[in-house]
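*Asks:* What follows is a single structure, and I will ask about it in a moment.
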Amino acid sequence: MREACARPIAAPVIVLSLGLVAPAQSNRTSTVVQKNALSAVRHDLDGVWAIKVATTTPRTAFECCLVDPRLRPPMTAWGQARFDAAVPSSRSPGPEGNRVIPGKENDPALSCFPDGIPKILTSPEPFEIISVPGRVLMFFEKDHGWRQIWTDGRKLPEDPPELRFDGYSVGRWEGDTFVVESSGFNDKLWLDYYGDPHSEAMRLTERYQRVNQDTLSIAVTIDDPKAYTKPWIGKPIHFSLRPRVEIGEWYCTVEDENRFNEKIRFPTFVPDGNKK
Amino acid sequence: MNATTATVVAVLLVSPCVGSSLFAHHGAAAYDRTVTLTLKASVTEFIFRNPHIIISFDAPDERGQVIHWSAEGGSSSGLSRRGWTWKTLKVGDQVTVVGNPARGMEGQDKRVMALSRVILPNGQVVGQASLTVP
């Protein structure tokens, strides 16, 4: 991030200069340079990132999961009703087993709703992080959408004028972790591809860490007392830096989605129930 | 072999996750991954759009009856990074299509499959996108 990098990058330059006039300290200087360079990298999230393919079992489309359905807190009655009404597109590793019914899926994304935050983080399409003064921007290939994370010190709106698919987000650095807090979501979308719900009461915390030059980790906590009886804490999922990738165009249009449904999705429904 | 072809072939060789991971948009549960069909196909339509590209083609079954297939691939944005273009196929092309059929549609004259790859008339292989973005 340009702002965040300004100070850490300055440090190794100074140390290098000192190294020229104090060769006896070169080994220690070299170590300091490496540490400062690593610190600079850790405070720079900019670049194109793509989620790493799952290595877990059962192997799903993505590294599983922002929040693991196997560790899902008990739902409230409201949350359970939403969950029961969902026919997901992907088989969840959760205790509910396979709820996919090909051709009958009702993921809002199949009606051209955006994936929204945080679900889009687990989309296989890449996203780019771009830092500008006062904001960190996330540009997602899926839905070709921008997310704004304000870093100018403002607070989350207590009474937001509208409820959004992506909510409102503010970010700050805590050591090497970029912490993003969000609220002001509407309840039209799912948390993930498995039909887990979220409500308007959701508060989302994301923790971004650049583990090394090529790896970004994101860990989230879902605090949604209307849907879950206690916070749902996720483990870090990982993303790879893709310096050669340009963000492509991935809009959802009604024409394309309808054609896809008619030619592909709807015909795969077989009325003998859930096909494993 | 030109650079594009080389890239596509390489993707085919190093992307073992293709089968399980293609369709985040709507999942892949409809398809029988234990069955792989290789069909001599006559392309009737090629739609290079999101959320998934669609190749429609006619192919005779084992009894000689023509089956009208629709094969879905990855997103056009993803496949664009894999050497595909909107001109890769055109109506009337005679190609070989490899993919996994949707369950429960056996015996129908219209069927659906998940695309694995297409072998073009010149022998070039164009593969499916994986989650492994280059």
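The values are calculated or read from the model by the stated rules, or taken from the named source; none is laboratory data. What you are looking at is a predicted structure, and each value in this text was computed from that prediction instead of being measured. Ideal geometry is used to build each Cβ from the backbone, glycine not excepted, and the neighbour counts take in all protein chains shown. What goes into the accessible areas is simple: the full protein's heavy atoms, side chains included, and nothing from ligands, DNA or RNA. Shrake-Rupley method; radii C 1.70, N 1.55, O 1.52, S 1.80 Å.
*Asks:* Take the residues in the range A:229-248 that are touching a residue at least 24 places away in the same chain (Cβ under 8 Å) and basic (Lys, Arg), then tell me which one is most open to solvent (accessible area, probe 1.4 Å). Reasoning before the result, please.
*Replies:* As a first pass, look at the range A:229-248 and keep what is touching a residue at least 24 places away in the same chain (Cβ under 8 Å): A:229-243, A:245-248.
If we keep only those that are basic (Lys, Arg) as well, we get A:230, A:235, A:242.
Working: A:Lys230: 121, A:Lys235: 142, A:Arg242: 49 Å².
Among them, the one singled out is A:Lys235.
*Asks:* Would you pick out the residues in the range B:84-121 that are more than 13 Å from the chain's Cα centre (by Cα) and among the aromatic types (Phe, Trp, Tyr)?
*Replies:* If the condition is that a residue be more than 13 Å from the chain's Cα centre (by Cα) and among the aromatic types (Phe, Trp, Tyr), then B:Trp86 is the only one that fits.
*Asks:* Against the condition in contact (Cβ under 8 Å) with a residue 24 or more places away in the chain, on the phi > 0 side of the Ramachandran plot and open to solvent by less than 40 Å² (accessible area, probe 1.4 Å), how does B:Gly127 come out, does it pass?
*Replies:* Numbers: in contact (Cβ under 8 Å) with a residue 24 or more places away in the chain: yes; on the phi > 0 side of the Ramachandran plot: no; open to solvent by less than 40 Å² (accessible area, probe 1.4 Å): yes.
So B:Gly127 fails the test.
*Asks:* A further question on this structure: (1) over 22 Å from A:Leu71 (Cβ atoms); (2) surrounded by fewer than 17 Cβ atoms within 10 Å (Cβ to Cβ); (3) not acidic (Asp, Glu): which one isn't true of A:Gly103, the others all being true?
*Replies:* It is condition (2) that A:Gly103 fails.
*Asks:* A:Val136 is checked against (1) in a strand (DSSP E or B); (2) of a type in the set (A, V, I, L, M, F, W, C); (3) within 30 Å of B:Ala102 (Cα to Cα) and fails just one. What number does that condition carry?
*Replies:* Condition (3) is where A:Val136 drops out.
*Asks:* Do we have A:Phe266 as open to solvent by less than 40 Å² (accessible area, probe 1.4 Å), farther than 30 Å from A:Pro160 by Cβ and outside any loop (DSSP other than H, G, I, E, B) here? Don't jump to the end; show me each part of the working.
*Replies:* Details: open to solvent by less than 40 Å² (accessible area, probe 1.4 Å): no; farther than 30 Å from A:Pro160 by Cβ: yes; outside any loop (DSSP other than H, G, I, E, B): yes.
So A:Phe266 fails the test.
*Asks:* Okay, moving on. Answer yes or no: is there a residue in the range A:115-122 that is at positive phi, open to solvent by 20 Å² or more (accessible area, probe 1.4 Å) and in contact (Cβ under 8 Å) with a residue 24 or more places away in the chain. Talk me through it step by step, then tell me what you get.
*Replies:* Residues of the range A:115-122 that are at positive phi, as a first pass: A:116.
Next, from what is left, pick out any that are open to solvent by 20 Å² or more (accessible area, probe 1.4 Å): none.
No, there is no match, as no residue in the range A:115-122 is at positive phi, open to solvent by 20 Å² or more (accessible area, probe 1.4 Å) and in contact (Cβ under 8 Å) with a residue 24 or more places away in the chain.
*Asks:* Which strands (runs of 3 or more DSSP E) does the range A:141-228 wholly contain that include 2 or more residues that are assigned by TED's automatic domain parsing to the domain that holds A:Val53 and either modelled with pLDDT under 95 or open to solvent by 70 Å² or more (accessible area, probe 1.4 Å) (or both)? Spell out how you get there, then give the answer.
*Replies:* On the way: elements: A:145-150, A:168-174, A:177-183, A:203-212, A:215-223.
The qualifying strands (runs of 3 or more DSSP E) are A:145-150, A:168-174, A:203-212.
*Asks:* Another question, then. Considering each of A:Pro243, A:Pro236, A:Pro271 in turn, give the residue that is within 14 Å of chain B (Cβ to nearest Cβ), in contact with a strand residue (DSSP E or B) (Cβ under 8 Å, 6 or more places away or on another chain) and not charged (D, E, K, R). Give the steps one after another, and end with the answer.
*Replies:* Numbers: A:Pro236 fails: within 14 Å of chain B (Cβ to nearest Cβ); A:Pro271 fails: in contact with a strand residue (DSSP E or B) (Cβ under 8 Å, 6 or more places away or on another chain).
Step by step, each of A:Pro243, A:Pro236, A:Pro271 is checked, and only A:Pro243 is within 14 Å of chain B (Cβ to nearest Cβ), in contact with a strand residue (DSSP E or B) (Cβ under 8 Å, 6 or more places away or on another chain) and not charged (D, E, K, R).
*Asks:* Restricting to the range A:196-210, what's the tally of residues that are without any contact (Cβ under 8 Å) to a residue 60 or more places away in the chain and of a type in the set (A, V, I, L, M, F, W, C)? Write out each step before concluding.
*Replies:* Here is the first cut: in the range A:196-210, the residues without any contact (Cβ under 8 Å) to a residue 60 or more places away in the chain are A:198, A:200-203, A:205, A:207.
Subset that is of a type in the set (A, V, I, L, M, F, W, C): A:201-202.
Residues that pass the stated criteria total 2.
*Asks:* Right, another one. Does B:Pro16 meet the test of being in a loop (DSSP other than H, G, I, E, B) and at pLDDT 90 or above?
*Replies:* Values: in a loop (DSSP other than H, G, I, E, B): yes; at pLDDT 90 or above: no.
In short, no.
*Asks:* Scanning for something away from every other protein chain (no Cβ under 14 Å), modelled with pLDDT of 90 or more and assigned to a loop (DSSP other than H, G, I, E, B), does the range A:47-67 turn up at least one residue? Step through it out loud before you land on a result.
*Replies:* At the first step, the residues of the range A:47-67 found to be away from every other protein chain (no Cβ under 14 Å) are A:67.
Retained after the next criterion (residues that are modelled with pLDDT of 90 or more): A:67.
This time we only want the ones that are assigned to a loop (DSSP other than H, G, I, E, B), so: A:67.
Yes: the range A:47-67 contains one or more residues that are away from every other protein chain (no Cβ under 14 Å), modelled with pLDDT of 90 or more and assigned to a loop (DSSP other than H, G, I, E, B).
*Asks:* Can you find a residue in the range A:142-165 that is among the polar types (S, T, N, Q) and touching a helix residue (DSSP H, G or I) at 6+ places or on another chain (Cβ under 9 Å)? Don't jump to the end; show me each part of the working.
*Replies:* Initially, the range A:142-165 is screened for residues among the polar types (S, T, N, Q), giving A:148, A:151.
Subset that is touching a helix residue (DSSP H, G or I) at 6+ places or on another chain (Cβ under 9 Å): A:151.
Yes: one or more hits.
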